[in-house]
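Computed from the coordinates by the stated procedures, all read-outs in this text should not be read as laboratory data. What you see is a predicted model, and the numbers here were worked out from it, not measured in a lab. Please note: Cβ atoms are built from the backbone with ideal geometry, for glycine as well, and neighbour counts cover all protein chains shown.
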Amino acid sequence: VLQLLRSIETTPLSISTIRSVELCISKIQTELSAGRVPEAYLPVLVHGLIGVLHIRFSDLQKSSLDCLAVLLERHTPTVWDGYVQYLRHYVSTSSELHEELNVPTTACVTMTKSN
């Protein structure tokens with residue numbers, strides 16, 4: 001699994017290489033579903049899959065979210081705190097950015113709800 005994460009990290013991303021990265025994510029998901037991932041690797045997987053979410057290819061984001069869902073569903077006690085920590089950081093960073101840009105966070109929420 002660590003080798004698959006390494007492959008994802010070191011593959012230069014382009015339209016032609018996206019499929020191979022998707023296959024790596026799919027293999028990770030298969031290993032998770034089969035229960036073949038050592039518990040010690042699970043927090044690393046959370047961070048790796050979250051990292052893939054920052055790549056601006058929607059197919060990769062979907063694959064990563066699907067894999068992350070399996071990881072969270074099967075190993076909640078082990079990985080939940082790390083996942084929540086990431087979400088808190090992301091929300092905090094987002095709120096700080098809104099404050100710097102003088103955009104009220106409630107305005108963004110209101111705009112989202114009305115659309």
Any hit, the range 33-41, residues being in a helix (DSSP H, G or I), of a type in the set (D, E, K, R) and under 11 Å from L4 (Cβ atoms): no
Qualifying positions in the range 67-86 - hydrophobic (A, V, I, L, M, F, W, C) and within 13 Å of L49 (Cα to Cα): C67, L68, A69, V70, L71, L72, V79
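Going through G35, G48 one at a time, which residue ends up being without any contact (Cβ under 8 Å) to a residue 60 or more places away in the chain, of a type outside the set (A, V, I, L, M, F, W, C) and surrounded by 14 or more Cβ atoms within 10 Å (Cβ to Cβ)?
G48
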Among the candidates G82, G48, residue that is of a type in the set (G, A, S), more than 18 Å from T11 (Cβ to Cβ) and assigned to a helix (DSSP H, G or I): G82
